[in-house]
Amino acid sequence: MNIYHPSQTPSPSEWLELDELVRIDLVRKSHEASEAEFEEEQAKEVHSTIHVIVENQIALGVESVSETISRLMRQGLSRHESVHAVGAVLSEDLFEMLKENREHDINKYRRRLGKLTAKRWNKGKW
């Protein structure tokens, strides 16, 4: 796998065979190709890393993530937007984990994903 297209689901086996840093680089390059703007290089790296985490969850068969992506796409979001929406929920969860010095609560993450809709995402309320 040499190119990542956020509009297409990568082959899980091909994706997972790649080194994590290669995955991040592929995602970063795909955003550069789409002229996505980031004010700081660090923001680009964090964005790409969150993207990769979501893609990893899909490739690993994390059911709640795959179901959420499918649901959001049925509601009208592109696959790329859907990955961003799930990534936003993930980012919020990671921030809370660090802030509260707690472990990941998979049930809380699943509940948040269950509440995520295209309408809420488009309104900035996930």
Please report, in debye to the nearest 20, how large the charge dipole of the chain is about its Cα centre when each Lys and Arg carries +1 at its beta carbon and each Asp and Glu carries -1 there. 980 debye
Spelling out what I want: for every residue of the range 104-117, take phi, set θ = phi - 60°, compute 6.51 cos²θ - 1.76 cosθ + 1.60 (Karplus), and round to whole Hz; glycine and proline get x. 5, 9, 4, 5, 5, 4, 4, 4, 5, 5, x, 8, 6, 10
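Within 10 Å of each residue's Cβ, count the other Cβ atoms and sort Leu18, Leu72 from fewest upward. Working shown, then result.
Values: Leu18 17, Leu72 24.
Lowest count first: Leu18, Leu72.
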Where trypsin sites (Lys or Arg not before Pro) fall in DSSP loop in the range 38-116, at most 13 other Cβ within 10 Å: Arg102
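Which ordering of Val65, Val22, Val89 is given by a fewest-first count of other beta-carbon atoms within 10 Å?
Details: Val65 25, Val22 14, Val89 20.
Listed from fewest to most nearby Cβ atoms, that is Val22, Val89, Val65.
Would you tally the net charge around Glu20, using a Cβ to Cβ cut-off of less than 13 Å, leaving Glu20 out, and scoring K and R as +1, D and E as -1?
-3
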Under the rule a/c < 1.5 gives rounded, and otherwise a/b versus b/c splits prolate from oblate, where does the chain land using the Cα gyration tensor? rounded
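Readers should treat all values here as calculations from the given coordinates under stated rules, not as data from a laboratory. Remember, it's a predicted structure, so these values are computed and weren't measured experimentally. Please note: Cβ atoms are built from the backbone with ideal geometry, for glycine as well, and neighbour counts cover all protein chains shown.
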